[in-house]
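First up is the structure itself, then whatever we jot down about it.
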Amino acid sequence: MTEQTRYGDQIGVVTVTYFSGETLERFLDTLEKATDRDVQVVVADTVSTDGAPEKAAKRANVHLLSIGENVGYGTGCNRGVAELDDRYGWIVISNPDLEWEPGSLDTLLEAAKRWPRGGSFGPLIHELDGTTYPSARLLPSFGRGIGHAALGKVWPGNPWTKQYRQETGTPVERTAEWLSGSCLLLRREAFESVGGFDSRYFMYFEDVDLGDRLGKAGWLNVYVPSAGVMHLGGHSTSQASKKMLAAHHASAYQYLADRHPGLLWKPVLAATKLGLALRLKLETR
């Protein structure tokens, strides 16, 4: 039996960049006001040529990890976390196209004291138009997933989408089955106990999968709407929208296939794969 690593109380922030442009500077500027504590930032850059990661690395608390290839979000996060030594017991995983509200990271850390079995903590995410992004959700099942996938865009208020997205009433601090990976505070002990993100997910569903595995390992995913961030939009993913749609559908299938092994599920999974392929064809016409 291997001895469990004891982590310190320092905070490491990992952001994965892919042509993130000027949003990275705003992310770092607002992060300075999100906490009174010192933070070490790891910019895990894939293949950017816009100069933004190199500019960010001129800051005293920023370390640039040049990966040199587009390995996907989860793998990029894992490599960024690996750059931090054992002093860093708190890890923030975040997209670079976010702006932090003042004190928001400290608010997440305060919530962590209230939830000692909390493995991940997610803030309230505002969109640019002021709406709240439903970032604390139920795990997708075949029933909810098919209903949401088939009707989510043509009938946003359908019961399957509403149940899956958990958009009811005023946001309150609560547990969720998974939290958006666009901004997460992670107890490193919890993150490492499940092996971090699953590298098979190139993009999308890596956060769903992580939330599920954290829950199965006895950790809680905690939504903390008293902490807020602003999401500026998919700046990086807009660089390759068709590729990202294909990745989303592939990851959706991977997630369902992982959780429904055995011969009895083969016909259902085959039908699901066909349905996802048809949906992708319609969306990329």
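The values are calculated or read from the model by the stated rules, or taken from the named source; none is laboratory data. All values derive from a computational prediction rather than experimental measurement. Here the Cβ positions follow ideal geometry from the backbone for every residue, glycine too, while neighbour counts run over all protein chains shown. Side chains are part of the model used for accessible areas, which takes the heavy atoms of the whole protein and leaves out ligands, DNA and RNA. Shrake-Rupley method; radii C 1.70, N 1.55, O 1.52, S 1.80 Å.
Mind computing the radius of gyration and Dmax over the alpha-carbon atoms of region 180-230? Å is fine for both.
11.3, 33
Can you compute the FRET efficiency between Glu54 and Asp85 using 1/(1 + (r/R0)^6), with r the Cβ-Cβ distance and R0 = 22 Å? Round to the nearest 0.05.
Details: r = 23 Å, r/R0 = 1.07.
Plugging the Cβ-Cβ distance into 1/(1 + (r/R0)^6) gives 0.40.
Roughly how many debye, to the nearest 20, is the charge dipole of the chain about its Cα centre, given +1 on each Lys and Arg Cβ, -1 on each Asp and Glu Cβ, and no other charges?
Details: 31 positive and 34 negative charges, 268 e Å.
Charge dipole of the chain: 1280 debye, to the nearest 20.
Which FRET efficiency, nearest 0.05, do Val268 and Arg200 yield, Cβ-Cβ r, R0 25 Å? Kindly include the intermediate steps, with their values, before the conclusion.
Details: r = 20 Å, r/R0 = 0.82.
So the FRET efficiency works out to roughly 0.75.
Tell me the net charge near Asp45. Cut-off is 13 Å between Cβ atoms, Asp45 excluded, with +1 for each Lys or Arg and -1 for each Asp or Glu. It would help to have the intermediate numbers written out before the result.
On the way: positive: Lys55, Arg79; negative: Asp50, Glu54, Glu69, Glu83.
Net of charged neighbours comes to -2.
Compute the long axis of helix 206-216 from its Cα atoms, compare it with the longest principal axis of the Cα atoms of the chain, and write down the angle in degrees, 0 to 90, nearest 10.
90
Net charge within 11 Å of Ala34 by Cβ-Cβ distance, Lys/Arg positive one each and Asp/Glu negative one each, not counting Ala34 itself? Mind showing how you got there, number by number?
Values: positive: Lys33, Arg37; negative: Asp29, Glu32, Asp36, Glu99, Glu101, Asp106.
Computed value for this residue: -4.
What number does the chain give for Rg over Rh if you use C-alpha atoms and the Kirkwood radius?
On the way: Rg = 18.6 Å, Rh = 19.5 Å.
Expressed as Rg/Rh, it is 0.95.
With springs only between Cα atoms under 10 Å apart, run a GNM on the chain and tell me which of Asp212, Asp36, Asp106 wobbles the most.
Asp36
Nearest 5 is fine: what % of DSSP beta bridges in the chain come out antiparallel, could you say? Show your work: numbers first, answer last.
Details: 17 of 43 bridges.
The answer is about 40 percent antiparallel.
What does the extension gain come out to for Lys216 and Glu110, with contour length at 0.36 nm per residue minus their alpha carbon separation?
Extra length from Lys216 to Glu110 when fully extended: 35.7 nm.
Across the chain, how many lysine pairs separated by 8 or more positions, or lying on different chains, have Cα atoms within less than 25 Å?
The result is 18.
Note the angle between two axes, namely the Cα long axis of helix 73-82 and the longest principal axis of the Cα atoms of the chain, as a number of degrees from 0 to 90, rounded to the nearest 10.
30
With unit charges on the beta carbon (Lys/Arg positive, Asp/Glu negative), name the residue among Leu24, Ile125, Ala112 whose Cα is farthest towards the positive pole of the charge dipole of the chain.
Ile125
Roughly what angle does helix 241-259 make with the longest principal axis of the chain, taking Cα atoms, 0 to 90 degrees, to the nearest 10?
So the inclination is approximately 80 degrees.
Can you tell which of Ala44, His260, Met203 lies farthest toward the positive end of the dipole of the chain, using +1 and -1 charges on the Cβ of basic and acidic side chains (Lys, Arg; Asp, Glu)?
Result: His260.
Can you give me the distance in nm between label points at Thr170 and Leu128, each placed 7 Å from the Cα along the Cα-to-Cβ direction?
3.0
Would you mind computing Rg(Cα) / (2.2 N^0.38 Å) for region 239-284, counting N as its residues?
Details: Rg = 11.7 Å, N = 46, 2.2 N^0.38 = 9.4 Å.
That ratio works out to 1.24.
Please give the per residue accessible area of region 239-284, computed with a probe of 1.4 Å over protein heavy atoms only, in Å².
Details: 2910 Å² over 46 residues.
The answer is 63 Å² per residue.
Please give the FRET efficiency for Glu189 paired with Asn61, using the beta carbon to beta carbon distance and R0 = 30 Å, rounded to the nearest 0.05. Working shown, then result.
Values: r = 23 Å, r/R0 = 0.77.
Calculated value: 0.80.
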